[in-house]
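The next block holds one structure in the form of structure tokens; read it before the comments.
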Amino acid sequence: MPDQQVDQNPNETGDEAADRAGARATDRAGDQATDRAGAQATDRAGDPAGPARDQATVESAGASADPSADTSAALPSQASATRATPAADHTDRAPGDRPDERRKLSRRSVLAATGGAGLAVGAAAGAGGHALAASDRPLELASIGSTAVPFHGTHQAGILDPAQARGHLAAFDLKAGAGRAEATALMRRWTKAASAMTEGRAADSDNQVALDAGPASLTVTFGFGASFLKKLGLPVPTALTPLPSFSADALDRRRGDGDLFVQIGADDALVAFNALRTLQRLAREVALPRWQMNGFNRSPGATARPMTTRNLMGQIDGTNNPEPSDPGFAAKVFVPAKGEPSWMAGGSYVVVRRIRMLLDAWDHLPPDRQERVIGRRKTDGAPLSGGSETTKVDLGKQKPDGSLAIAGDAHIRVAAPEANGGATMLRRGFSFHDGFAADGAPDAGLLFVAWQADPRQGFTPVQRKLDRGDGLSRFLRHESSALFAVPGGCAPGEYVGRRLLEG
Ligand SMILES: C=CC1=C(C)c2cc3[nH]c(cc4nc(cc5[nH]c(cc1n2)c(C)c5CCC(=O)O)C(CCC(=O)O)=C4C)c(C)c3C=C
Ligand SMILES: [Fe+2]
């Protein structure tokens, strides 16, 4: 049993600083988070008005104070204004997703979405003959705020897109008496609101919490649990069969499963909160929150050069994720267009696990032992078989003494698709920190989120293997678990789940 005592390793800070200084940029096409971070840093660097505009505030944005009013149109002052500096070219994602163009497709200027949500500051003063006080100036959004991820498409947003700096995962349960009609009405309301908010527009009953924030790469992703289908008398897909138990499970069932799933991600905490709060308000008559988890990632643009994110154990995490350009990627992550059930075409199954890290025990471990547990270097994520972060892992490589360069119980050996009959999933998680437990240990870890066409060929065989012989497992505790069917995306005017609810 790992030691739970609070412990500080004096070398760690120095090591981490050195790690960061020496961190090598990854140029992988599939590394969305790093691409976006770099692109946003570039956007800002090339935008001389950036810092001044960042400080501008909006006194009157023209939004209706009546929460019942339909405010889903662009806010008046935003819609009529023009943007002083064009944003980088963020092309819309085409239905049918060409994932190899994700960086380009996953972002676009909010200008395109709203007809001009980013507002000019300097122009107003010049033409009008008087300079506006900073507080009177209309707001112009900086690149992080103005970036929008298209809501509509073959797949729902929030799966292939880079993981944002803030995340909320939540499940809702239908209220007693709510049936298919109420669920359908709710999915219509949720879809309309999500579509508006991801474009930087206020949703119905918007509370102005994120009025001046822009879309900030907001994605909203909806899913259905097996219990939802059962309550509505609908057949449950075999892929949605509950996950088996694992020996290391210490699950809190109240924080697991649920009828309806919502994943929210945004690069602005207020935008993320506002989205969740809006959806919760719109659900009020039909469904109540069951559980909620809050997570975070590194802020986009935080590093001068793109980097794969680090988790709370300090490891570079996400390197060997499958990439959309990999052969067979779509078939492994998404239900095919002609797949079963038909309402899941273009959809994916998501496994959500709250995995607590036993960080005090982990921090006791010297860096070389930590690296052995994973099979990669902490500094730059390079495999212990040699090379750099993106070098293909050589599981057969031996050290001069004949021992394996990547240990038999190293996490990347045990989890590798080669060791699991090709089992593959797309990992896209968030770190969490919910304070400290009674014994002083951090209640922190990973909100593990894994996407696959069928968990029986993705998460389950890998977790079975990890459960038996993974060197990392003794530093982890799986505290909650959920599985949801996430249907394909919808076209404008449609709503998510229509093929299920009207099928
Ligand atoms: C059942 C699947 C997995 C769970 C649960 C899991 C938990 C978990 N992982 C890390 C840290 C790292 N994981 C890494 C790679 C990796 N992990 C899984 C699967 C699960 N991880 C896979 C399939 C892989 C890729 C293996 C390969 O093919 O090389 C890495 C290395 C970097 C990377 O490739 O992402 C790290 C680091 C933590 C901290 C954790 C639970 C909290
Ligand atoms: Fe892992």
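The values are calculated or read from the model by the stated rules, or taken from the named source; none is laboratory data. Worth saying up front: this structure is predicted, and the values here are computed from it rather than measured. Don't worry about glycine lacking a Cβ; one is built from the backbone with ideal geometry, like all the others, and counts go over all protein chains shown. Only protein heavy atoms, including side chains, enter the accessible area calculation; ligands, DNA and RNA are left aside. Shrake-Rupley method; radii C 1.70, N 1.55, O 1.52, S 1.80 Å.
Computed values, structure above
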quantity	calculated
Gain on full stretching of the segment that runs from D326 to H433 - 0.36 nm per residue minus C-alpha separation	35.2 nm
Alpha-carbon centroid distance for the pair segment 244-281 / segment 206-227, whole angstrom	12
Net charge dipole size for segment 148-501 [Lys, Arg +1 and Asp, Glu -1 on Cβ; Debye, nearest 20]	600
Net charge, T191 excluded, C-beta distance under 11 Å - Lys, Arg +1, Asp, Glu -1	+3
FRET E, pair D443, A304, Förster distance 45 Å, beta-carbon r, rounded to 0.05	0.90
Segment 148-501, accessible area per residue, ligands and nucleic acids excluded (1.4 Å, Å²)	37
log₁₀ of I(q)/I(0) at q = 0.07, 0.08, 0.14 Å⁻¹ - segment 148-501, Debye sum with one point per alpha carbon	-0.30, -0.39, -1.19
Spin-label pair S403/A250, simplified geometry with 7 Å Cα→Cβ offset, distance in nm	2.9
Peptide ranges 487-494, 164-171, 335-342 listed from the most packed, as the mean C-beta count within 10 angstrom indicates	164-171, 487-494, 335-342
Dipole magnitude of segment 177-246 about its Cα centre (Cβ charges: Lys, Arg +1; Asp, Glu -1), debye to nearest 20	380
Under 15 Å, Cβ to Cβ, from H168 - net charge with Lys/Arg +1 and Asp/Glu -1	+4
Segment 145-191 - percent of accessible surface contributed by carbon and sulfur, probe 1.4 Å	52
Distant-in-sequence amide H partners of T154 (H built 1.01 Å from N, under 5 Å)	G96, D97
P(r) of segment 405-454 over all Cα-Cα pairs, binned every 10 Å from zero, in whole percent	21, 32, 31, 16, 1
Contour excess over end-to-end distance, with Cα ends at A491 and R474 and 0.36 nm allotted per residue	1.6 nm
With every protein chain in place, segment 293-444: carbon and sulfur % of accessible area (1.4 Å)	54
Cβ-based net charge around Y495, under 12 Å, with every Lys or Arg adding one and every Asp or Glu removing one	+3
Kirkwood Rh and Cα Rg combined as Rg/Rh, segment 417-503	1.09
Anchor K231: lysines whose Cα lies under 21 Å away (excluding residues fewer than 8 positions away in-chain)	K175
